[in-house]
Structure formats: structure tokens, C-alpha cells
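Asks: Sharing a structure with you now.
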Amino acid sequence: MAYVALYRKWRPKVFEDVVGQEHITKTLKNQIKNNNIAHAYLFCGTRGTGKTSTAKIFARAVNCLNPKDFNPCNECEICIGIQHESIMDVIEIDAASNNGVDNIRELRENVNYPPTKGKYKVYIVDEVHMLSTGAFNALLKTLEEPPSYVIFILATTEPHKIPATILSRCQRFDFKRVTEADVVKRMAYICSQMNIEVEEEALRLIARNADGAMRDALSILDQCVSFGVGKITYDDVINILGTVREDFLFRLVDCMKDKDAKAAMELIQELVSSGKDIQQFLKDLIEHYRNLMMTKVSKNLEGIINLSKENIQRLVEQGKNLNTESIIRAIRELSQTAVDAKYATQPRILLEVAVVKLTQPMLDDSIEALLERIEALEEIIQSGTIKVEKVLKEEKNEKEDIDNKHVVDEPVKAEKLRPINFDNLKKGWEKILKAIKKRKISVYAVLMEGKLVKVENNTLIVAFGDGYGFHKEASGKSPYKEFIEGVIEELLGQKVQLKCVMEDELDDLPKSDKDSSEQDQEIKKIIEMFGEDLVEIVE
């Protein structure tokens with residue numbers, strides 16, 4: 001006899017076998033009990049939650065000759081016939097491959113024929129959202145007024161794609177994701193029936209990776225049964241799934257917390273060398289950070305985090321050394337990396353870039369990264385370990401009144417804020433543009449269309465010609481504006497305010513009394529007259 005997969009071998013046969021959907025099975029049993037069976041049902045839910053299995057149980061239950069507690073007996077002629085598909089009173093249709101109008105017209109014609117042996121003729125339409133618009137319209141009339149002996153059960157993973165006219169004619173049942181506890185309980189029962197020894201930690205890991213789908217869990221368990229030969233261990237599941245041990249995740253997060261990029265890269269090399277899947281690892285790492293976040297917001301963690309008590313305690317200890325902003329930043333960064341890695345030819349590099357950014361917040365300009373850097377500075381300030389090497393020298397007449405409250409090491413001259421020389425700025429403009437192009441070509445692309453006009457009160461005015469309104473807007477607003485000002489200050493050593501205008505707006509700009517060159521000459525004369533130490537230039 002050919003081998004039968006576990007999810008088929010252990011497919012639910014009565015309502016009580018359907019895991020985690022008691023709110024649905026109880027309602028269906030009561031409908032059979034009270035004989036108020038509807039003519040159309042819509043079963044919604046993610047994959048592997050029991051939609052089709054429940055539909056088949058219901059189809060047998062309403063036709064069973066000897067029902068037991070309103071469950072099918074699975075022993076009578078009709079139940080056996082339905083299971084072996086030798087009775088045509090239960091018809092399964094795959095809407096993904098039979099989604100045309102002609103398919104539904106054929107269904108409408110067959111509806112007119114009464115059931116051969118059972119009481120009801122049941123149509124189970126799987127993935128019903130795949131039907132075309134014409135097919136839905138063809139189904140609508142039959143669904144609205146079917147013969148008394150016909151029951152429609154529509155199953156879908158995407159109910160939002162079904163027309164409202166269809167939805168309003170069905171009783172809708174939403175299948176929930178199966179909880180990890182229920183998945184573990186069901187798998188433990190199956191293993192006991194098969195005389196297979198299995199570690200509870202291994203079952204928990206399978207349940208976590210099944211993501212609420214009982215069928216997925218049984219498929220993974222099927223692989224583990226073949227791998228373990230009579231015994232399934234935690235390491236067996238790790239090897240099959242391509243995932244990593246919890247200890248590895250703790251070590252990597254510690255490296256990122258300690259800003260140790262070198263050690264983190266060594267761990268990633270270890271990960272890749274052992275043949276682990278990058279996508280699966282990103283999923284595990286995001287889950288680890290999610291658990292760390294839970295330690296910050298909840299005290300009762302056993303119901304929220306599905307790990308052993310020892311690992312939950314380790315999470316709590318690790319969470320104490322991390323702030324919430326850094327955890328949220330890690331979740332966002334890794335989530336985006338996981339999305340990008342799906343389509344990348346070298347996902348390892350994306351993982352390495354993400355880890356480097358998490359170990360070095362100065363490379364990340366997100367709000368969370370800035371908050372993390374500010375908090376680090378606050379901790380340094382509060383610790384009182386700041387060493388001030390140079391203090392600005394006070395004026396002599398004020399220094400005598402300080403009473404030795406400040407220690408003055410080496411005297412330093414304060415940098416004067418002087419007006420920018422427009423001629424020098426024009427000569428160095430090409431150099432500034434090249435520097436901007438090298439760092440952010442998108443900023444260069446909009447700024448290169450502007451022309452330098454003049455400098456007034458340390459404000460650089462850049463004009464854009466007709467048709468370049470977008471370039472003017474982009475250059476003159478955050479974050480481009482601050483980036484340009486930063487590059488100019490870095491290269492010229494002077495702060496500058498950038499103002500972007502259209503060329504036809506130049507005549508409307510307020511006129512300054514004197515241009516920059518005249519101001520420079522007057523300032524020079526004042527400095528020569530009074531001395532540099534006594535003159536302070538302000539805007």
C-alpha cells in the first residue's frame with residue numbers, strides 16, 4: 001500500500017477532531033440537531049485551519065444513516081461511499097482550475113438532479129475567490145434559490161475578493177489560526193498513537209514554524225518522523241527547518257547590543273557555513289526581538305511567549321539591557337530586510353548590512369536610531385564620566401569672579417561667525433556638487449539645475465529656471481536642504497542657510513543695504529581698529 005502523508009492519514013473524521021475551531025463545529029452540530037440547515041455556507045480562514053475537512057465532515061453528517069451525537073458514523077454505506085468518492089452526492093470543485101462561466105453553467109444544470117442515495121446533494125467549492133466575474137454572476141441565481149436538497153459550501157482564504165452579492169447569501173464562518181498549544185497537543189497525540197518518542201521542545205518549535213496552520217505542522221512532523229526514526233529531538237527539527245538554536249539568537253543580539261560588528265559578522269559566517277536558510281533566520285531573529293519587546297510591556301509572559309521557562313528568563317535578562325527604541329528599530333530594520341531578501345540574489349549581504357546598521361546607530365538616520373544615540377549620550381552625561389579637555393577662556397574681568405568653579409586647561413579661541421565670501425563659494429561650487437553627487441546622487445540631480453545668485457546675511461540664494469519647479473521644491477525642503485547645508489559647511493568651514501527660488505521670483509526678494517563684499521571691507525576695518533579679540537561678528 002502506498003504511503004499516506006500524515007495530514008491525510010490524520011484528517012479529522014468527526015467534528016471533535018477539528019483542532020481549534022470549536023465555535024464553528026458546535027454551531028454546525030446544533031444546526032443538524034435542530035434541522036435548520038442553511039443552503040449556503042462560506043468558510044473563511046488561512047491555509048491549513050480545517051475548512052475543507054470541516055466541509056467534508058458536515059457533508060457526511062447531514063447524509064449519514066446512523067449519526068452519532070450528530071457526527072457522521074463513518075461506517076454506513078453513505079459515509080464510506082462519500083469517503084471513497086463512489087457516491088456522487090458530494091461534489092468537490094476546485095475553483096482555481098474551474099473558474100469559467102461554462103464550468104458554473106454545468107454546475108447549474110447538475111443541480112437540478114436530486115441526490116442518488118443521501119438526503120442532500122453537497123457542493124464543496126474550494127478557493128471560490130478564484131472564480132471570474134462572469135462565473136460569480138452565473139452562480140448567483142442558483143445560490144439565491146437552490147433546490148431544497150442542495151447545500152453549497154464555499155471555502156476561501158481571501159473572502160475580501162468575493163462579491164457582496166455572494167457574501168450576503170451565505171452563512172459565514174471564520175476559521176481562526178490554530179494556537180500553538182493546540183497544535184502541540186494534537187501532534188503529541190498523533191506521536192503517541194504512532195509510538196514515536198518526541199521532545200516537547202521539538203513540538204513547540206514545529207508549532208511556531210507552522211504559523212497557526214495544522215496541516216503545515218503535520219507536514220513538518222512527517223519529515224521529522226522520517227529523519228528521527230522512532231525518536232524526534234529538538235536538534236532534528238532545527239536541522240530539517242534550517243533554523244538556529246535559541247542560544248545563537250541570544251549571542252547575536254548581545255553582539256548588536258555591545259556594538260560589536262566584528263563578532264556579529266563572525267556569527268553570520270558561522271550561520272552561512274552551517275547551511276542555514278537566511279530567510280528562515282531573519283524570521284527567527286524578528287521573532288526573538290518581538291519576544292524581547294513583550295518583556296518590556298508585560299509581566300505574564302508564559303501566555304505570550306511560547307518558550308521554555310529558562311529561555312523566557314533569559315529573554316527578561318537580555319531585555320533589561322536593551323531599550324524599547326532599539327528593539328523597535330531592530331524589528332523594523334529586519335522586517336524590511338526580510339522583504340528585500342525575498343527578491344535578492346545575495347540575501348546574506350542584506351543581512352550583514354542590517355546587522356552593521358544595528359550595531360552602529362550612527363549609520364542609520366531613522367528616528368529610533370537617533371533616539372538610541374541620544375539616550376546613550378544621556379547615560380554618559382548622567383554617569384558623570386565626561387572629560388572636558390578644553391574650556392573656552394572667559395574674559396579677564398569675569399574670570400576673577402568665578403571662584404575656581406571651572407578648571408581651564410588650554411585656552412582656545414572662539415570661532416567667529418563671518419559672512420561667506422560669494423566669490424569663494426562660486427569657485428568651490430563644482431567641488432561641492434561633486435561631493436553631493438558622490439554621497440546622494442538624488443540630491444545632486446535636483447540641485448545641479450540651480451544657479452548661484454548671491455549671498456545675503458549668510459543665506460545662499462539658488463535660482464531655478466522655468467520648468468524646474470520640482471527641483472526647486474525638493475532642494476529647498478527637508479531632508480535635502482539640511483544635507484546640502486551640511487556639505488557646504490563641511491567643505492567651507494562656515495555655516496550657511498540655503499534658500500531656493502524661481503528665477504522670476506528674484507525681483508521680489510528684499511534688497512539688502514550692502515552686498516557681502518562691502519560688508520567684508522567694513523568688518524575688516526573695524527577689526528583693524530579695535531583688534532580681533534574685542535570684535536564679535538553676529539548675524
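No lab work stands behind these numbers, since they all come straight from the coordinates. For clarity, every value in this text was computed on a predicted model and none was experimentally measured. Note that we place each Cβ from the backbone using ideal geometry, even for glycine, and neighbour counts take in every protein chain shown.
Asks: For segment 440-456, just list the computed ³J(HN,Hα) in residue order, Karplus coefficients 6.51, -1.76 and 1.60, θ = phi - 60°, integers in Hz, with x standing in for Gly and Pro.
Replies: Karplus-based 3J(HN,Hα) across segment 440-456 equals 9, 5, 5, 5, 4, 4, 8, 6, 5, 7, x, 10, 5, 9, 5, 10, 10 Hz.
Asks: Using the Cα centre of segment 64-168 as the reference point, and only Cβ charges (+1 on K/R, -1 on D/E), how large is the resulting charge dipole? Debye, rounded to the nearest 20. Each step should come with its number before you reach the end.
Replies: On the way: 8 positive and 15 negative charges, 60 e Å.
Once rounded to the nearest 20, the dipole reads 280 debye.
Asks: Projecting each Cα onto the charge dipole of segment 6-174 (Lys/Arg +1, Asp/Glu -1 at the beta carbon, about the Cα centre), which of VAL90, THR49, PRO147 comes out farthest on the positive side?
Replies: THR49
Asks: Same structure, new question: Explain nothing, just the number: dipole magnitude of segment 246-368 about its Cα centre with +1 on each Lys and Arg Cβ and -1 on each Asp and Glu Cβ, in debye rounded to the nearest 20.
Replies: Values: 17 positive and 20 negative charges, 45 e Å.
Approximately 220 debye in magnitude.
Asks: Then there's this: Taking the beta-carbon count within 10 Å as an exposure proxy, list TYR343, TYR123 from fewest neighbours to most.
Replies: On the way: TYR343 7, TYR123 23.
Listing TYR343, TYR123 from fewest to most nearby Cβ atoms yields TYR343, TYR123.
Asks: Starting from the amide H of ILE420, placed 1.01 Å from N in the peptide plane, find each other amide H under 5 Å away whose residue is 5 or more places distant or on another chain.
Replies: Correct list: ASN458.
Asks: Taking the Cα centre of segment 162-283 as the origin and placing charges on Cβ (Lys, Arg +1; Asp, Glu -1), which of CYS191, SER273, LEU252 is farthest toward the positive end of the dipole?
Replies: CYS191
Asks: Follow-up question, since we're still on this one. For a footprinting-style exposure proxy, rank ILE349, ILE240, ILE91, ILE206 by other Cβ within 10 Å, fewest first.
Replies: Working: ILE349 12, ILE240 19, ILE91 15, ILE206 26.
Arranged by neighbour count, lowest to highest, ILE349, ILE240, ILE91, ILE206 become ILE349, ILE91, ILE240, ILE206.
Asks: So what J values fall out for segment 35-52 if you push phi through Karplus, 6.51 cos²θ - 1.76 cosθ + 1.60 with θ = phi - 60°, rounded to Hz, Gly and Pro as x?
Replies: For segment 35-52, the Karplus-derived couplings read 6, 10, 6, 6, 8, 8, 10, 10, 9, 10, x, 5, 4, x, 9, x, 5, 5 Hz, x marking Gly and Pro.
Asks: Additional query: Multiply the residue gap between ASP69 and ASN458 by 0.36 nm, knock off their C-alpha separation, and tell me the result in nm, one decimal place. Numbers along the way, then the final one.
Replies: Numbers: separation 389, 0.36 × 389 = 140.04 nm, distance 8.76 nm.
Residue separation times 0.36 nm, minus the Cα-Cα distance, leaves 131.3 nm.
Asks: Based on the alpha-carbon gyration tensor of segment 115-231 and its eigenvalue square roots a ≥ b ≥ c, which shape applies: rounded if a/c is under 1.5, prolate if not and a/b is larger than b/c, or oblate?
Replies: On the way: a/c = 3.40, a/b = 2.30, b/c = 1.48.
Prolate.
Asks: Taking other Cβ within 10 Å of each residue's Cβ, how do MET88, MET256 sort, fewest first? Mind dumping the intermediate values first?
Replies: Numbers: MET88 15, MET256 24.
Final ranking by Cβ density, sparse to dense: MET88, MET256.
Asks: Over 19 Å between C-alpha atoms is what I'm after, so list which of LYS259/LYS299; LYS176/LYS276; LYS29/LYS117; LYS68/LYS185; LYS299/LYS320; LYS438/LYS499 land there. Walk me through the intermediate numbers first.
Replies: Details: LYS259/LYS299 28 Å; LYS176/LYS276 31 Å; LYS29/LYS117 22 Å; LYS68/LYS185 25 Å; LYS299/LYS320 13 Å; LYS438/LYS499 22 Å.
Distance filter (> 19 Å) returns LYS259/LYS299; LYS176/LYS276; LYS29/LYS117; LYS68/LYS185; LYS438/LYS499.
Asks: Pop out the ³J(HN,Hα) list for segment 491-506 in order, Karplus 6.51 cos²θ - 1.76 cosθ + 1.60 with θ = phi - 60°, rounded to Hz; leave Gly and Pro as x.
Replies: Ordered by residue, 3J(HN,Hα) equals 7, 9, x, 9, 6, 9, 9, 9, 10, 9, 9, 8, 4, 6, 9, 4 Hz.
Asks: Can you figure out the FRET efficiency of TYR343 with THR165, using R₀ = 41 Å and their beta-carbon distance, to the nearest 0.05? Mind dumping the intermediate values first?
Replies: On the way: r = 37 Å, r/R0 = 0.91.
FRET efficiency, TYR343 to THR165: 0.65.
Asks: What is the extension gain from LYS296 to ALA2, computed as 0.36 nm multiplied by their sequence separation minus the C-alpha to C-alpha distance, in nm to one decimal?
Replies: Details: separation 294, 0.36 × 294 = 105.84 nm, distance 5.16 nm.
Length gained between LYS296 and ALA2: 100.7 nm.
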